[in-house]
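Working notes, structure below.
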Amino acid sequence: MSKALDGVRILDFTHVQSGPTCTQLLGWFGADVIKIEKAGSGDITREQLRDVPDVDSLYFTMLNHNKRSVTLDTKSDHGKEVLERLVKHCDVLVENFAPGALDRMGFTWERVQQLNPRMIMASVKGFGPGPYEECKVYENVAQCAGGAASTTGFDDGPPLVTGAQIGDSGTGLHLALGIVAALYQRNATGRGQRVLAAMQDGVLNLCRVKLRDQQRLDRTHVMKEYPQYPNGKFGSAVPRAANASGGGQPGTIVKCKGWETDPNAYLYFIAQAPVWKAICQVIGKESWITDPDFATPNARLPRLKEVFAAVEAWTSTKTKFEAMALLNEHDIPCGPILSMEELANEPSLRKTGTIVEVDHPKRGKYLTVGNPIKMSDSPTEVIRSPLLGEHTDEVLAELGYAPADVAALRSKKVV
């Protein structure tokens, strides 16, 4: 069966996480991703956080499936010649270098356009144009600069970053969408274009509900669904909201049976207004159904701590899965706190290809996250990550280099 991006060639100049997330996704959709790496060492994540000596780390393998690896000295004249051929050969160049790195290599946007007017040049940067444009950015820096950290955590504690890689992987996903849109537009215009995804912008996009709340706070000076209401104080900026829901339905995390020894014996519970009667019946608080202090959403807002304390008294007698099963019988929204161990062993995720077991020639079998986007006519096959330089000869042959030419480049350490 064909793939959605069959025939699209990606020149992958990415490393670490944000860029590789993007190009891996494109590879899962069928694009031919040619990853350019430095001879001898390659992508720095090949050696970061290794758990098996002298073998590519999980950090690398889990971000570089469905790619071909080519080693190339892009600083040498012969290396630049190979790179020129690659630019002419490919549809999209993706990079997440520090600002100006490609320009210093001699491959400015203008030069790339001269070589291939249809080329789409896609970049991940830390910041967009502005005072911080030249700053180096990593995951947690992006979370802080994009508004996530200031709104995450408990109101009496410091800002917190989240374990979800919303700065790196989140921006990579944004860039992939931009690339696909540019490819679609090229069908009409015949021209390539530049695509930029700034990590600060990507994080802020994922935090848009907090920008919503900032404007509400500016107008009303209070937000009744936040745990600071009614007894706490609100400042001029959106505060940290602990585990309160980001939407219009109050929610929080409550303890379940076994929480004393299991750090993940918890459940997220939402006190949704349409099922309030069922909530009261399940937790044994039938009197609240008609009690004027609890009967309406507005009446409950000042008393949410009392509401969730009663819910927790009930959930503490059930495992998180027992509580979820009982609550779902009444369409009460909730969700268990699932650990990475539980997710890794979840059969349904294996069946859908969200968790995939991959066999690596040096590492052996390992688990990875598969394509989170499922398409009926473009099924994803997760192919192991490449060894360093594994496809150099193969790709150079496609560019028109004869075996003797490749041998000459190798002797000069160009590849």
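Would you mind getting the Kirkwood hydrodynamic radius of the stretch 286-415 from its Cα pairs, rounded to one decimal in Å? Numbers along the way, then the final one.
Details: mean 1/r = 0.0477 Å⁻¹.
Result for the stretch 286-415, one decimal place: 21.0 Å.
I need the shape label for the stretch 232-271. Rule: rounded when a/c is under 1.5, else prolate if a/b > b/c, else oblate, with a, b, c from the alpha carbon gyration tensor. Let's see the in-between values first.
Details: a/c = 3.78, a/b = 2.03, b/c = 1.86.
Note, shape of the stretch 232-271 comes out prolate.
Of all accessible surface on the stretch 250-371 at a 1.4 Å probe, what whole percent is carbon and sulfur?
On the way: 3650 of 6610 Å².
Answer for the stretch 250-371 is 55 percent, counting heavy atoms of protein chains only.
Counting only Cα atoms, I'd like the Rg/Rh figure for the stretch 45-164, Kirkwood definition for Rh. List each step's numbers first, then the result.
Details: Rg = 18.7 Å, Rh = 17.7 Å.
Computed over Cα atoms, the ratio is 1.06.
Rg to Rh ratio, the stretch 211-359, alpha-carbon atoms and Kirkwood radius? Please list the in-between numbers first.
On the way: Rg = 17.7 Å, Rh = 17.1 Å.
Taking Rh as the inverse mean 1/r over Cα pairs, Rg/Rh reads 1.04.
Is the shape of the stretch 1-77 rounded, prolate or oblate, going by the alpha carbon gyration tensor and its root eigenvalues a ≥ b ≥ c, with a/c under 1.5 for rounded and a/b larger than b/c for prolate?
On the way: a/c = 2.43, a/b = 1.33, b/c = 1.83.
In terms of gyration-tensor shape, oblate.
By how many degrees, between 0 and 90 and to the nearest 10, does the Cα long axis of helix 18-28 differ from the longest principal axis of the chain?
Roughly 80 degrees, rounded to the nearest 10.
Just to compare against my own numbers: the Cα pair-distance distribution for the stretch 301-358, 5 Å bins, whole % per bin, please.
Taking all Cα pairs of the stretch 301-358, the binned fractions are 4, 15, 17, 19, 17, 11, 8, 6, 2, 1, 0 percent.
Give me log10 I(q)/I(0) at q = 0.13, 0.20, 0.23 Å⁻¹ for the stretch 255-319, Debye formula, one equal scatterer per alpha-carbon, no solvent.
Rounded to two decimals, the profile gives -0.36, -0.77, -0.94.
Work the Kirkwood hydrodynamic radius out for the chain: mean of 1/r over every pair of different alpha-carbon atoms, inverted, in Å.
Its Kirkwood hydrodynamic radius stands at 24.4 Å.
Need one number: convex hull volume per residue for the stretch 158-273, Cα atoms only, in Å³. Numbers along the way, then the final one.
Numbers: hull volume 22.3 nm³, N = 116.
So the per-residue Cα hull volume is 193 Å³.
If I histogram all Cα-Cα distances within the stretch 85-135 using bins 5 Å wide from 0, what percent of pairs lands in each bin?
5, 20, 28, 23, 14, 7, 3, 0
Show me the three semi-axes of the equivalent ellipsoid for the stretch 80-221, from the C-alpha gyration tensor (sqrt of 5 times each eigenvalue), largest first, rounded to whole Å. Walk me through the intermediate numbers first.
Details: eigenvalues 248, 55, 28 Å².
Working from the Cα gyration tensor, I get semi-axes of 35, 17, 12 Å.
For the stretch 350-384 and the stretch 74-148, write down the distance between their C-alpha centroids in whole Å.
29
Compare 257, 224, 305 by solvent-accessible area with a 1.4 Å probe and give them largest first, with all protein chains kept in place. Present the calculation step by step, with values, prior to reporting the outcome.
Working: 257 120, 224 100, 305 160 Å².
Of 257, 224, 305, the descending order of accessible area is 305, 257, 224.
Sort the following peptides by mean Cβ neighbour count (other Cβ atoms within 10 Å, averaged over residues), highest first: 158-165, 263-270. Write out the running numbers ahead of the final one.
On the way: 158-165: 13.2, 263-270: 19.0.
In decreasing order of mean packing, 158-165, 263-270 become 263-270, 158-165.
The values are calculated or read from the model by the stated rules, or taken from the named source; none is laboratory data. Since this is a predicted model, take the numbers as computed values, not measurements. Don't worry about glycine lacking a Cβ; one is built from the backbone with ideal geometry, like all the others, and counts go over all protein chains shown. What goes into the accessible areas is simple: the full protein's heavy atoms, side chains included, and nothing from ligands, DNA or RNA. Shrake-Rupley method; radii C 1.70, N 1.55, O 1.52, S 1.80 Å.
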